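One structure is given below, encoded as structure tokens.
The values are calculated or read from the model by the stated rules, or taken from the named source; none is laboratory data. These numbers come from a predicted model, not from an experiment. In this analysis, Cβ positions are derived from the backbone assuming ideal geometry, glycine residues included, and neighbour counts consider all displayed protein chains.
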Amino acid sequence: MKSKWFTLLSIMVLFSLLAACGSGGTANTGNTGSAGESPGNGTAEAPSGGEGVTTVQFWHSLGGKNGEYMDALIQRFNESHEDIEVVGTFQGSYDETVTKLQQAIASGTGPDVSMLERAYVQMFADAEVLEDLAPYLEQSGISADDFTPGLMGHSYFNDKLVSLPLNRSTPILHVNKTLLDELGLSVPTTWEEMKEVANALVVKEGNEFKRYGVSMPYDTWYPIAMISQAGGSFFNEDNTSIGFADNGAGEKVFSYLKDLQSTGALYYPPAQDSGNIVNSMFVEGKVGMIFQSTGSIGGLASTVDFDYVTAFLPKDEVYANPTGGANVTMLSSSKNKDAAWEFIRWMEMEEEGGLEFILQSGYLPFTKQMVESEQMQELWAKEPNRKVAYDQLEFAVDTNKDVAWPEIMHEFFSAIEAIMYDSKDIPSTLDTFKKETERILAQ
């Protein structure tokens, strides 16, 4: 186990150096905090610990406004608990947090509680460094059924409950409805409708496109969603290979995207800062629709000067969308487990805890109590765009779950780049990716 752990550490250090930062690259999968975030102040303000006060170290990956919201949450906790002091520390992007966490665990200096991007939970669970939270839930009278079902896909590993949802998101369709109305178009619900609408939105003058139909950040999130919509899955049932080769879902997805790209119906942005590029083009009316995270709703709504709506990602054979964002975990090495659990419990279940953070940030409500709260219902009535993502959780899928996902994700990015930027042959590129995936999974 230790040898495997340090092999994974080496892989993650390498991957973190290669991974893009900011709003491009892996940002919108939840691998770097929410789109548009910038580093926060680093450590939340906390009262000085006195005699009999237990200090809980909490590492997170939220900067910018969301970092401020998290700092405020920690302050509310500290003010309501005389015997526990939580010290929250911003550790950089999700990838950076993972690397620092591995190094800290190896040296015996890990925190008590940490945020973990949901796709990395299994890696830490397999290394047996995460506390089983099931007994804590039971002693607190909490049931796993109290949490939003579509967000629990990365909580159970090896028959243990090792994480709970925190700042979670999904990709959705963001639409400039003013443009669609001007052209007499409806918000698309299927791939075929999206193709028609996207092409109708194109404005070309000479050899230059003045407006594109649809766009999406450079990311694995959106192709994975579309593979699932086409009836495929990222991995096969026994996680020995990819699951979208035999039924042709992968070729179908990328052929569809390249077809849109060839007419200007799809603008595929450069990898660097792709999230901000796509958002800016949408705000400026240079693209009519975008695939983007729920985490972009607040920023877009406060910036656009047109009728802006959100919708489910269009379906092919079925509706399907992967989840993103991070969960919260307790390290099994913590010497303050009761205090650490009280912080997690309060953050997950108390109204002054996570609910206020969710209302401020725009992340998905992660408990049924949050969903049913008067505050959430009022927000959704006032801003229906925010409810779309929650409703879409009915079709949530997580098909890229494997301890080797971080390494395989790097290979998938290479395949995406070859197809979308270099127009390489789709079948041969995906075949190469399949062989690389099988090699990695067999290790």
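Restricting attention to the stretch 379-421, which residues are among the hydroxyl-bearing types (Ser, Thr, Tyr) and within 16 Å of the chain's Cα centre (by Cα)? Show your work before the answer.
Taking the stretch 379-421 first, the residues among the hydroxyl-bearing types (Ser, Thr, Tyr) are 390, 399, 414, 421.
Correct list: Tyr390, Thr399.
Yes/no per residue for (1) acidic (Asp, Glu); (2) outside the structural domain of Ala104 (by TED's automatic domain parsing); (3) in contact with a helix residue (DSSP H, G or I) (Cβ under 7 Å, 6 or more places away or on another chain):
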position: Glu128; (1), (2), (3): yes, no, no
position: Leu161; (1), (2), (3): no, no, yes
position: Leu183; (1), (2), (3): no, yes, yes
position: Thr190; (1), (2), (3): no, yes, no
position: Lys195; (1), (2), (3): no, yes, yes
position: Asn199; (1), (2), (3): no, yes, yes
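Looking across Gln369, Gln360, Gln377, one residue alone is within 17 Å of Leu62 (Cβ to Cβ) and either not acidic (Asp, Glu) or not assigned by TED's automatic domain parsing to the domain that holds Pro135 (or both). It is Gln360.
Residues satisfying the criterion are absent from the stretch 175-197 (criterion: closer than 30 Å to Ala340 by Cβ and either touching a residue at least 60 places away in the same chain (Cβ under 8 Å) or not aliphatic (A, V, I, L, M) (or both)).
Does Thr178 meet the test of being of a type in the set (S, T, N, Q) and within 26 Å of the chain's Cα centre (by Cα)? Walk me through it before giving the result.
Details: of a type in the set (S, T, N, Q): yes; within 26 Å of the chain's Cα centre (by Cα): no.
So Thr178 fails the test.
Residue-by-condition table, conditions (1) on the phi < 0 side of the Ramachandran plot; (2) touching a His at 6+ places or on another chain (Cβ under 7 Å); (3) of a type in the set (A, V, I, L, M):
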{"residue": "Gly353", "(1), (2), (3)": "yes, no, no"}
{"residue": "Thr367", "(1), (2), (3)": "yes, no, no"}
{"residue": "Asp391", "(1), (2), (3)": "yes, no, no"}
{"residue": "Phe395", "(1), (2), (3)": "yes, no, no"}
{"residue": "Asp398", "(1), (2), (3)": "yes, yes, no"}
{"residue": "Ile408", "(1), (2), (3)": "yes, no, yes"}
{"residue": "Asp422", "(1), (2), (3)": "yes, no, no"}
{"residue": "Thr437", "(1), (2), (3)": "yes, no, no"}
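With respect to Gly353, determine if the residue is in the same structural domain as Thr190 (by TED's automatic domain parsing) and not hydrophobic (A, V, I, L, M, F, W, C). Before you say what the answer is, go through the steps one by one.
Working: in the same structural domain as Thr190 (by TED's automatic domain parsing): no; not hydrophobic (A, V, I, L, M, F, W, C): yes.
Considered against the rule, which asks whether it is in the same structural domain as Thr190 (by TED's automatic domain parsing) and not hydrophobic (A, V, I, L, M, F, W, C), Gly353 comes out as no.
Residues in the stretch 410-428 that are touching a residue at least 24 places away in the same chain (Cβ under 8 Å) and in contact with a helix residue (DSSP H, G or I) (Cβ under 8 Å, 6 or more places away or on another chain): His410, Glu411, Phe412, Ile416, Ile419, Met420, Ser423, Ile426, Pro427.
Contact map, the stretch 136-153: first residue free of Cβ contacts under 8 Å to residues at least 60 places away in the same chain, second residue assigned to a strand (DSSP E or B) and small (Gly, Ala, Ser), Cβ cut-off under 9 Å, separation 6 or more or different chains; the map is empty. When Leu379 is tested against (1) under 22 Å from Tyr120 (Cβ atoms); (2) crowded, with 17+ Cβ neighbours inside 10 Å, only condition (1) is not met.
Can you name the residue in the stretch 46-84 that is small (Gly, Ala, Ser) and assigned to a loop (DSSP other than H, G, I, E, B) and, of all such residues, is modelled with the lowest pLDDT?
Step one: list which residues in the stretch 46-84 are small (Gly, Ala, Ser), which gives 46, 48-50, 52, 61, 63-64, 67, 72, 80.
Filter once more, keeping what is assigned to a loop (DSSP other than H, G, I, E, B): 46, 48-50, 52, 61, 63.
Details: Ala46: 42, Ser48: 46, Gly49: 49, Gly50: 57, Gly52: 87, Ser61: 94, Gly63: 88.
Out of the qualifying residues, it is Ala46.
Residues of the stretch 100-135 being β-branched (Val, Ile, Thr) and crowded, with 20+ Cβ neighbours inside 10 Å, which ones? Those that are β-branched (Val, Ile, Thr) and crowded, with 20+ Cβ neighbours inside 10 Å: Ile105, Val113, Val121, Val129.
For the stretch 286-317, taking the residues that are among the aliphatic types (A, V, I, L, M) and either under 15 Å from the mean Cα position of the chain (by Cα) or assigned to a loop (DSSP other than H, G, I, E, B) (or both), the one that is surrounded by the most Cβ atoms within 10 Å (Cβ to Cβ) is identified as Leu313.
One residue stands out among those in the stretch 85-131 that are assigned to a loop (DSSP other than H, G, I, E, B) and either without any contact (Cβ under 8 Å) to a residue 40 or more places away in the chain or hydroxyl-bearing (Ser, Thr, Tyr) (or both): the one that is farthest from Leu62 (Cα to Cα), which is Thr109.
Of all helices (runs of 4 or more DSSP H) completely enclosed by the stretch 318-391, which ones contain at least 2 residues that are of a type in the set (Val, Ile, Thr)? Before the answer, list the steps.
On the way: elements: 337-349, 356-361, 368-372, 374-382.
Qualifying helices (runs of 4 or more DSSP H): none found.
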